[in-house]
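Asks: Before I ask anything, here is the structure I am working with.
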Amino acid sequence: MSGKRILMAKTGLDGHWRGPTIVARALRDAGFEVIMIGMARPEEVVQASIDEDVDLVGLNIGGHVDVAVRAVTALNDERPDLPIFCGGVVPPHAKRRLEALGVEVYPPGSQLPDIVGAARRLTGLD
């Protein structure tokens with residue numbers, strides 16, 4: 001077990017759970033403790049990251065880029081050293097916008113070993 005904790009949340013209301021569930025399972029299988037809070041507003045993501053004392057936040061943006069940006073901005077304000085990665089439907093302009101905020105972005109088609117590797121690197125395991 002890595003002892004590292006990852007908070008997974010959805011910022012969009014699209015209801016698609018397959019991607020986040022598969023990613024969460026891969027992270028769990030790699031030894032991470034994964035806390036899934038489901039659909040959440042930005043302030044709920046921040047509060048959960050504090051309450052759960054997580055080492056990494058994973059956001060599924062579900063095409064709702066503005067909500068994801070608000071969540072990332074709020075996390076950066078409250079926990080500036082907390083790494084964030086996101087996935088889901090991410091148009092190219094949104095990918096650039098999120099990366100400018102320091103977020104690693106994994107759009108559809110990203111490979112699970114790459115995502116798990118990023119989680120290891122971002123939490124200091126590699």
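Asks: What length, rounded to one decimal in nm, is gained on full extension from Arg70 through to Glu52, with 0.36 nm per residue of separation minus their alpha-carbon distance?
Replies: 4.5 nm
Asks: Right, another one. Taking 8 Å as the Cα distance limit and 6 or more residues as the minimum spacing, I'd like the relative contact order of the chain as a percentage.
Replies: 27 percent
Asks: Probe of 1.4 angstrom, ligands and nucleic acids ignored: what's the accessible area per residue over region 1-125, in square angstrom?
Replies: It amounts to 50 Å² per residue over region 1-125.
Asks: So, one more: Dimensions of the chain along principal axes (Cα, Å, largest first)?
Replies: Extents along the principal axes: 35, 31, 26 Å.
Asks: Something else now. Under 10 Å, Cα contacts only: if you run a Gaussian network model on the chain, which one of Leu101, Leu59, Leu75 comes out with the highest mean-square fluctuation?
Replies: Among Leu101, Leu59, Leu75, the largest mean-square fluctuation in the Gaussian network model of the chain belongs to Leu101.
Asks: Rounded to the nearest percent, how much of the accessible area of the chain (1.4 Å probe, protein heavy atoms only) is carbon and sulfur?
Replies: 52 percent
The values are calculated or read from the model by the stated rules, or taken from the named source; none is laboratory data. Computed from a predicted structure; not experimentally measured. Note: areas computed on protein heavy atoms with side chains; ligands, DNA, RNA excluded. Shrake-Rupley method; radii C 1.70, N 1.55, O 1.52, S 1.80 Å.
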